[in-house]
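Undergrad: First, the structure itself, so that you have it in front of you.
The values are calculated or read from the model by the stated rules, or taken from the named source; none is laboratory data. Bear in mind the structure is a predicted one, so any value in this text is a computation, not a measurement. Note that each Cβ is placed from the backbone with ideal geometry, even for glycine, and that neighbours are counted across all protein chains shown.
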2 protein chains.
Amino acid sequence: MRILGMDAYKAVIEKRDKRQFEDRPISEEVLLKILQATRMAGSGKNRQTGRIVVVESQEGRDSVAGSGDFGDWIKEAAVALVFAIHSDGGLRPDFDIGRMAQNAMIIANAEGLSSCPMTVYRQQELRDALSIPDEYDVPMVVGIGFPAVISDSKPPRSHPRIPIEDMVYRETWQDKT
Amino acid sequence: MRILGMDAYKAVIEKRDKRQFEDRPISEEVLLKILQATRMAGSGKNRQTGRIVVVESQEGRDSVAGSGDFGDWIKEAAVALVFAIHSDGGLRPDFDIGRMAQNAMIIANAEGLSSCPMTVYRQQELRDALSIPDEYDVPMVVGIGFPAVISDSKPPRSHPRIPIEDMVYRETWQDKT
């Protein structure tokens, strides 16, 4: 039994979007923690119209991968979380989905898993494949799995962040020269 | 000095959107942790076009509050984070903003602070007030502050979540009857 989990700041700060996975399933226990994290994300006016289709089958993940333009890596993920939100989901449905997805990915990170979002480019294909009702938008997917062991000969690409002083303005937008 | 921070799962699961604040500033140290959390959020194709205007002055927060339809509570927050994203920010800019905002709110929660998003209804007004260039969308704000002590006579409204079995489907969207 584990007493202490990962520190929240560490789980947030050290999260990187990664999409190279080991061929190994995620336990139901960990998956449930990830889903609870999405469930507890706040939503606009507390509408709670976000839904998730948890896709673990190879056939299902192949369909999900095909709905994106850069989604082949989803075929190798242990699980794809397909986010659906009712078209009555308010002015900023993608914001709510972003909150849900980030919660999922932070907890995945805290559990030692890798994850990455995938943009859906062909929503109707995805709805058809998973029998999702037409009144739901399916803008985004998150793929999750155990991180692949990367050989030294092919190191992962680094994505350094811009400096914080280039990202943050104080009180008003001032020129940074 | 604090050795251990809040557990990641606890920080995520117990986060609630709250907008009643004590009149008390946030330390620069804590604000910087919150901003670092937003900075480390992944972005579509690693574009990193999200920016933040940190508004702490009363005059500034009054302007921010006025750009929303339900924003008066922003006047009482210690700080308003105004999220701006370049109009070239990809297909799903609000998703990226949602990821940034959720990171901020989770770390705020881990630091004992309350927070809540506000939707911007009058973006041009907000851009004008904060001198934000026109090519940036300013869809959302997050207000953060120390939680108000709520008297027993006026308990906070509860926002229970729907059961997980009403939110999650497995493999395909199946009727839940």
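Undergrad: Conditions: (1) over 27 Å from B:Ala8 (Cβ atoms); (2) crowded, with 22+ Cβ neighbours inside 10 Å. B:Glu76 meets all but one. Number of the miss?
TA: B:Glu76 satisfies all of (1) over 27 Å from B:Ala8 (Cβ atoms); (2) crowded, with 22+ Cβ neighbours inside 10 Å except (2).
Undergrad: Within segment B:90-105, can you find the residues that are of a type outside the set (Val, Ile, Thr) and buried (at least 24 other Cβ atoms within 10 Å of the Cβ)? First the steps, then the outcome.
TA: Applying the first criterion (of a type outside the set (Val, Ile, Thr)) to segment B:90-105 yields B:90-96, B:98-105.
Listed by number, the residues that qualify are B:Pro93, B:Phe95, B:Asp96, B:Gly98, B:Arg99, B:Met100, B:Ala101, B:Gln102, B:Asn103, B:Ala104, B:Met105.
Undergrad: Within segment A:66-102, can you find the residues that are within 11 Å of the chain's Cα centre (by Cα) and outside any helix (DSSP H, G or I)? Even if it seems obvious, please write down each step before you answer.
TA: So the first thing to find is which residues in segment A:66-102 are within 11 Å of the chain's Cα centre (by Cα), and the list is A:79-83, A:97-102.
Selection gives A:Val79, A:Ala80, A:Leu81, A:Val82, A:Phe83.
Undergrad: Could you tell me whether segment B:114-126 includes any residue that is within 19 Å of B:Tyr9 (Cα to Cα), more than 8 Å from chain A (Cβ to nearest Cβ) and touching a strand residue (DSSP E or B) at 6+ places or on another chain (Cβ under 6 Å)?
TA: The answer is yes, given that some residue of segment B:114-126 is within 19 Å of B:Tyr9 (Cα to Cα), more than 8 Å from chain A (Cβ to nearest Cβ) and touching a strand residue (DSSP E or B) at 6+ places or on another chain (Cβ under 6 Å).
Undergrad: Would you confirm, using the coordinates I've provided, whether B:Asp62 is more than 8 Å from chain A (Cβ to nearest Cβ), acidic (Asp, Glu), part of a loop (DSSP other than H, G, I, E, B) and over 18 Å from B:Arg39 (Cβ atoms)?
TA: Working: more than 8 Å from chain A (Cβ to nearest Cβ): yes; acidic (Asp, Glu): yes; part of a loop (DSSP other than H, G, I, E, B): no; over 18 Å from B:Arg39 (Cβ atoms): yes.
No.
Undergrad: Every residue in segment A:106-147 that is part of a loop (DSSP other than H, G, I, E, B) and either of a type outside the set (S, T, N, Q) or surrounded by 20 or more Cβ atoms within 10 Å (Cβ to Cβ) (or both), please.
TA: Of the residues in segment A:106-147, the ones part of a loop (DSSP other than H, G, I, E, B) are A:111-113, A:120-122, A:131-135, A:146.
Matches in segment A:106-147: A:Glu111, A:Gly112, A:Leu113, A:Val120, A:Tyr121, A:Arg122, A:Ile132, A:Pro133, A:Asp134, A:Glu135, A:Phe146.
Undergrad: On to the next question. What are the residues in segment A:17-40 that are assigned to a loop (DSSP other than H, G, I, E, B), more than 7 Å from chain B (Cβ to nearest Cβ) and not acidic (Asp, Glu), if any?
TA: A:Lys18, A:Arg19, A:Gln20, A:Arg24, A:Pro25, A:Ile26, A:Ser27
Undergrad: For segment A:41-65, which residues satisfy the criterion of being buried (at least 19 other Cβ atoms within 10 Å of the Cβ) and of a type outside the set (Val, Ile, Thr)?
TA: Answer for segment A:41-65, where residues must be buried (at least 19 other Cβ atoms within 10 Å of the Cβ) and of a type outside the set (Val, Ile, Thr): A:Ala41, A:Gly42, A:Ser43, A:Gly44, A:Gln48, A:Gly50, A:Arg51, A:Gly60, A:Arg61, A:Ser63, A:Ala65.
Undergrad: Right, here's the next one. Can you find a residue that is within 11 Å of chain B (Cβ to nearest Cβ) and within 25 Å of A:Arg24 (Cβ to Cβ) anywhere in segment A:147-157? I'd like the intermediate steps shown before the answer.
TA: Kept after step one, since they are within 11 Å of chain B (Cβ to nearest Cβ), are these residues of segment A:147-157: A:157.
Narrowing further to those that are within 25 Å of A:Arg24 (Cβ to Cβ): A:157.
Yes, segment A:147-157 contains a residue that is within 11 Å of chain B (Cβ to nearest Cβ) and within 25 Å of A:Arg24 (Cβ to Cβ).
Undergrad: Scan segment A:1-42 residue by residue and report those that are more than 14 Å from B:Ile106 (Cβ to Cβ) and modelled with pLDDT under 95.
TA: A:Met1, A:Arg2, A:Ile3, A:Leu4
Matching residues to (1) more than 29 Å from B:Cys116 (Cα to Cα); (2) hydrophobic (A, V, I, L, M, F, W, C):
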site	(1), (2)
A:Met6	no, yes
A:Arg47	no, no
A:Val64	yes, yes
A:Gly68	yes, no
A:Ala80	no, yes
A:Leu91	no, yes
